[in-house]
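What follows is calculated from the coordinates using simple rules that are stated; it is not laboratory data. What you see is a predicted model, and the numbers here were worked out from it, not measured in a lab. Here the Cβ positions follow ideal geometry from the backbone for every residue, glycine too, while neighbour counts run over all protein chains shown.
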Amino acid sequence: MTTAVAQKAQPVDVAGQILHAMRVMNVSPIPRNYQLFYEAYIGTNPSLTREIALLGNRPLQEELDELASKHLGTGEVAVVERAHSKLVEELDTLLNLLRFEQASLESYNRLLGEAAINIGAKSNFSAELLRNAIDLLAKATGETIAQGEKTVEGVVQRTQEVDLVRKELDEYKRIANTDSLTRLCNRRAFDEKLATLYDDTMQLPVTALVLADIDNFKKFNDTYGHPVGDKILTSVAAVLRSNVRKDVFVARAGGEEFALIIQGNTADEVMATCERLRKALETRPFRNSRTGVDYGPITISIGYAMASQAEDAGDLYVKSDTALYCAKNGGRNRCMAYEDGMQKDYVSKGWLIYKK
């Protein structure tokens with residue numbers, strides 16, 4: 001996976017080669033991993049290429065996450081994992097406690113039943129022996145009831161602790177999965193959502209991954225500065241969120257790229273939604289109310305693929321990204337659906353890297 005190899009490669013399906021390499025190495029086909037292998041394959045980051053090679057033929061996800069954090073800026077997610085582990089530990093403790101108490105009470109009930117049968121079957125018990133037996137059973141019953149009350153108190157306490165841990169985890173997840181600038185879901189949340197799409201194969205024909213990228217954003221950012229660029233990003237995010245249904249998943253996938261996961265719509269309906277988003281941005285004025293500077297028009301290019309067109313989440317991301325590349329290189333400010341053969345065209349025409 002060196003630069004030299006990439007340069008000598010014939011115009012073939014580069015994306016397919018990358019996915020094949022990931023499958024051979026048993027690497028999970030999530031977008032973060034694909035982006036990591038893509039950067040290593042095309043040789044733009046020699047250091048990353050060497051470090052992936054050093055991981056061997058079966059890299060661990062933890063090792064890949066470290067490289068993604070280092071080279072792609074995916075961020076630190078350990079706090080979420082620690083909170084999750086804490087919740088699992090608390091739940092296991094509670095379940096084990098309940099199982100133990102249930103087994104103890106079942107054993108005690110069985111003992112009482114056997115004692116009652118034996119007493120009823122014997123006619124030669126003396127009154128004193130019977131009274132002693134009853135006293136012993138009463139004492140045992142009292143201790144069992146006391147233990148049961150203690151168990152209830154313990155369960156209540158454990159339940160409160162678990163609820164507290166769950167609230168902490170929910171807050172960690174909210175923070176970890178939210179983009180601080182746009183308040184949309186971030187790349188981590190996007191990866192998690194995308195990974196679940198193929199759990200229900202019946203929904204694949206009416207599920208789409210839409211990728212949208214702001215046109216010429218780098219030039220715009222260089223001209224007006226990053227503070228203005230950040231305002232544009234937040235405005236674009238607001239337009240995207242307000243022009244789709246509440247159940248549509250909307251995320252900032254990174255930089256000036258946004259991702260939407262639309263479920264319950266046909267391909268034609270998805271295209272209509274994409275066109276509505278494109279026109280909403282194209283016609284929206286972007287003006288500085290204080291200085292009067294007109295930044296517009298701001299446009300986006302959109303590419304999408306239906307989940308039924310792909311083998312898995314990684315393949316779906318590649319095909320949606322390919323459609324986005326073609327929309328960019330076809331003139332920008334347009335929507336394109338993925339079609340068979342599109343990947344081969346985009347490689348053969350040298351569209352490996354397009355200008356934002």
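Taking 0.36 nm per residue of separation and subtracting the current Cα-Cα distance, fully stretching the chain between THR44 and ASN57 would add 2.5 nm. Considering only Cα-Cα distances, which of the following residue pairs are longer than 23 Å: LYS173/LYS328; LYS173/LYS218; LYS231/LYS279; LYS246/LYS279; LYS218/LYS328? Distance filter (> 23 Å) returns LYS173/LYS328; LYS173/LYS218.
Most tightly packed first, judged by the mean number of other beta-carbon atoms within 10 Å of their residues, the peptides 188-197, 264-273 read 188-197, 264-273.
Peptides 218-225, 314-321, 277-284 ordered by packing proxy, namely the average of other Cβ atoms within 10 Å per residue, highest first: 314-321, 277-284, 218-225. First check a/c for region 181-241, with a ≥ b ≥ c the square roots of the eigenvalues of its C-alpha gyration tensor; if it is under 1.5, answer rounded, and if not, answer prolate when a/b is larger than b/c or oblate otherwise. Since a/c reaches 1.5 and a/b is larger than b/c, the shape of region 181-241 is classed as prolate. Taking square-rooted eigenvalues a ≥ b ≥ c of the alpha carbon gyration tensor, is region 199-291 rounded, prolate or oblate, where a/c under 1.5 means rounded and, failing that, a/b exceeding b/c means prolate? Prolate is the answer for region 199-291, as a/c is 1.5 or above and a/b outweighs b/c. For region 225-356, how big is the tail of P(r) above 23 Å, as a whole percent of Cα pairs? Cα-Cα pairs in region 225-356 separated by more than 23 Å: 35 percent.
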